[in-house]
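Have a look at the structure below before the remarks.
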Amino acid sequence: MLFFIETVISGLLAGVMYSLVALGFVLIFKASGVFNFAQGVLALFAALTLVGFLNGTTPFTHIDNPAFAMPAWMAIPLTILVMVLIAILVEKFILRHLVNQEQIILFMSMVGLAYVLEGAGDIIWGSDVKVIDLGLPQGAWDWLLDTHGIYVEKIEMVAAGVAGALVVVLAIFFQKTRIGRALRAVADDHQAALSVGISLRTIWIIVWSVAGVVALVTGVMWGAKSGIQFSLSLIALKALPVLILGGFESIPGAIVGGLIIGVGEKLAEVYGGEVIVAMFGRWFEIDPGIFTATENWFAYVLALVFLLFRPQGLFGEKIIERV
Amino acid sequence: MKLRTWIATAAAAVVAIPLAVGSASAYELTVPSMDYRTGPYAPNGIPFANGWTDYWTMLNERDGGINGVKIKVVPCETAYNTKQGVECYEKTKKEGSGALVYQPLSTGITYQLIPKASVDQIPIHSMGYGRTSAANGKVFKWVFNFPATYWSQASALVKYIGEKEGGMDKLKGKKIYLVYHNSAYGKEPIRTLQELAKKHGFTYQGLAVDHPGQEQKATWLKIRREKPDWILMWGWGVMNQVAIKEAASIRFPMDRFIGVWWSGSENDVKPAGAAAKGYLSGAFHQPGANFPVHKDIIKHLYDAGKAPHPDFKDRVGEVLYNRGLVAAMWASEAVRKAMEIHKTKEITGAMMRDGYEALDVDEARLKELGAEGLTIPVKITCENHEGPRKVAVQQWDGKEWKIVSNFYEPDMDVIQPLIDEDSQKFAKENNITPRDCK
């Protein structure tokens, strides 16, 4: 039983990590209807930039110069500034020119952006694995493991706290601030928002900047587990089933979807083989070991099952069109 | 001059200049470099590619090439992607004077190139990776996989475990798990470990991790629950770093966690920091830059401003750099052998194959090459393309890798029947009549 609880906790915490990635997608989709395929690469680029500033790496030469190494209090705001700059560039060179275009065209532009950003990250900061040192705790939570025999990773507890704080800040931003209300107005109806004097371009820059900050948090949390490296961009794949399940426009959906996917895939990987043997073992000789490496695809199965019952996702808006 | 005359003159120049240059160009030893400097596996691809390229470039700068013939290294980016790797092969095989050898640096790419090698008559050296049964030179005439295959390595690592447990008979009842990259590469040692489990009475269990391996929590929860005595890992890229961190987190003893030699570089352990201390991996060469060959590379390339990647100077001697260097060193020796056998300096891929098959780099020759003690002596024959079949174990001490064991030879009673079975199956499927090597 203890192990089952441990698996569920690990699943929930892994789910929080997926939710962090999904949040970036949701923010941009809400405000501009664009499925930001580049969100994973944004996380990578933000993390690379932060490590570059922390290590004093000279851009393009990839040589670390300790004399230029910045403390975290300086490197983090500077990285956020870089993400704001990217938001401005994305608006200026992509979104502005694609207003009212088909969804598929917007999507393809995001695929292009992902490749451009990945290439730029490689050229500017290099392809090596980089260690990020922000003093984040590593390893198991010793007290819980020693006294209760339950294994929980400290970094995932921190990620859960950060994700919770992020959701609260975003909720306040969206509900209580003038810009937040403008963002919601744009999300509800672009044209109506324009008619009352809300600048679509400003809103896009703001929302891409916020998504950039979320990407930075995501990159740091995932990078703390594996080092900052280019495979980090593939974490976007972890967000897709979360979005399918939680809905593309819902921040609570991203969180709840992440938790369901996290728990579901961990339980499937750990207990799937045993369940199959228990069900069919009397008729067939089955090696429980064959049910491994399910973590990548089982999440999609879970999301598709949910889709059968709620095509708009758990928290997505049901679209009713009158004929 | 009228416009029409200008156009005609320019067109003639466009056609004539490349022809003139082409006809004037001399023979060069053309060596493709199947790099992956981009994508998720770039951190491992870069040091290997730099070691491979630096050695050839150093021969050009220090010796004027090999026996006076200049070497041309042709890089091509595969991104560790099988499709791109095959495209690289097709694009570079006729480059310059014709490609002499391919080091695909990917088991997936190697599998695709094996049928092409015999048609194009260009040897493949899948050094310590690729199709294991290619060790049988009677069937796989164009493929070499020395100094040891994955099956040999799996067997050697089990021998190491046996030694640490106090003898092979002590393996009975033990649990040895394999955490593997869910790909052709990762699955290579499974059959061997299953056979060894039967022979020695230990419990084997494989746990696959899907590409790229960024998330593998459930795998390590299973390990925590089932408490294996030893873990072997056939990982690559980010999978290694995450696995080492996860193992440390669940407090799995690092000195009972052994990676294949592709899971034992500086990149793999540094993100885990101090927690990786004690982690083990297979090895067939020493790490470090204290060998005369490294001093020559620094002197003739980096200090002379002729290094293809000058910012890499501080990393010369890393594990994967040395692996690329050793691969190039063996290939350059095959070039010399091919020239000697065929009494020409303008060798072809087919001649290069003969050079590989007659390769004999002993201790004395390693010393002449400035690589005494860097790696093991290699002798290849017509029937044995795997060569010495020797594997050591290296350990991360928190700062650097160090070889901590003897070199182990695999259990050929188990391995040889597997090689024979798989190679004969390949021969039958491809209508190949095994060569008579007598």
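Below is a table of values for the structure above.
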item	result
Size of the range B:68-151 as Cα extents on the principal axes (Å, biggest first)	35, 31, 22
At R0 = 56 Å, FRET efficiency that the Cβ-Cβ distance of residue B:341 and residue B:400 yields, to 0.05	0.90
Cα centroid separation, the range B:418-437 to the range A:193-224 (Å)	60
Solution diffusion estimate, µm²/s, Stokes-Einstein, the range B:279-367, Kirkwood Rh from C-alpha pairs, 25 °C, viscosity 0.890 mPa s	166
Inter-site label distance for residue B:379 and residue A:96 at 7 Å from Cα along Cβ, in nm	7.3
Solvent-accessible ranking of B:37, B:251, largest area first, probe 1.4 Å	B:251, B:37
Residue range of chain B that is longest and free of GluC sites (Glu not before Pro) which are both DSSP loop and sparsely packed (at most 15 other C-beta within 10 Å)	B:96-345
Alpha-carbon Debye profile of chain A, log10 I(q)/I(0) at 0.14 Å⁻¹	-1.14
For the protein assembly as shown, accessible area per residue (1.4 Å probe, heavy atoms of protein chains only), Å²	41
Contour excess over end-to-end distance, with Cα ends at residue B:194 and residue B:437 and 0.36 nm allotted per residue	84.4 nm
Karplus-derived HN-Hα couplings along the range A:73-88 (A = 6.51, B = -1.76, C = 1.60, θ = phi - 60°), whole Hz, x at Gly and Pro	5, 9, 5, 5, x, 5, 5, 4, 4, 4, 5, 5, 4, 4, 4, 5
Chain pair A, B: total accessible area buried, heavy atoms, 1.4 Å probe, Å²	3400
The range B:215-237 versus the range B:186-212: alpha-carbon centroid distance in Å	13
Listing of the range B:245-272 residues, each with accessible area lower by at least 50 Å² in the full protein assembly than in the chain alone (probe 1.4 Å)	B:245, B:249, B:251, B:271
Around residue A:144: net Lys/Arg minus Asp/Glu count, Cβ-Cβ under 15 Å	-2
Modelled FRET efficiency - R0 56 Å, residue B:372 with residue A:8, Cβ distances, 0.05 increments	0.50
Rg/Rh ratio calculated on Cα atoms of the protein assembly as shown (Kirkwood radius)	1.00
Number of partner chain Cβ atoms within 10 Å, mean per residue of A:56-63	1
Accessible area of residue B:138 in the full protein assembly, 1.4 Å probe (Å², nearest 10)	80
For residue B:253, net neighbour charge (Lys/Arg +1, Asp/Glu -1) across residues whose Cβ lies under 12 Å away	+3
Inter-part distance where the range B:270-313 and the range A:58-81 are each reduced to a Cα centre, Å	26
Positions from the range A:215-242 whose accessible area shrinks by 30 Å² or more when the full protein complex is built, not the chain alone, probe 1.4 Å	A:222, A:225, A:226, A:229, A:230, A:231, A:234
Helical contribution to [θ] at 222 nm, DSSP H n ≥ 4, -39,500 (n - 2.57), averaged over chain A, rounded to 500	-23500 deg cm²/dmol
The range A:211-318 - percent of accessible surface contributed by carbon and sulfur, probe 1.4 Å	74
In degrees, nearest ten, helix B:82-92 long axis to first principal axis of chain B (Cα)	30
Per-q log10 I(q)/I(0), the range B:150-283, q = 0.13, 0.19, 0.20 Å⁻¹ (Debye; single scatterer per alpha-carbon; no solvent)	-0.47, -1.05, -1.18
Estimated 222 nm signal from helices in chain B, with DSSP H stretches of n ≥ 4 weighted -39500 (n - 2.57), rounded to 500	-13500 deg cm²/dmol
Candidate aspartates and glutamates - alpha carbon under 14 Å from residue B:343, same-chain residues fewer than 8 apart omitted	B:354
Distance between modelled label sites at residue A:275 and residue B:364, nm, 7 Å Cα→Cβ extension	6.7
Protein accessible area in the range B:279-438, 1.4 Å probe - carbon and sulfur %	47
Approximate spin-label separation residue B:409-residue B:314, in nm, with each point projected 7 Å along Cα-to-Cβ	4.4
Lys pairs under 20 Å by Cα in chain A, provided they are eight or more residues apart or on distinct chains	10
Principal-axis tilt of helix B:107-120 within chain B, Cα atoms, nearest 10 degrees	40
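The values are calculated or read from the model by the stated rules, or taken from the named source; none is laboratory data. Just so we're clear, the structure is a prediction, and the values are computed from it rather than from any experiment. For neighbour counting, all protein chains shown are included, and Cβ atoms are generated from backbone atoms with ideal geometry for every residue, glycine included. Keep in mind that these areas ignore ligands, DNA and RNA; they rest on the heavy atoms of the full protein, side chains included. Shrake-Rupley method; radii C 1.70, N 1.55, O 1.52, S 1.80 Å.
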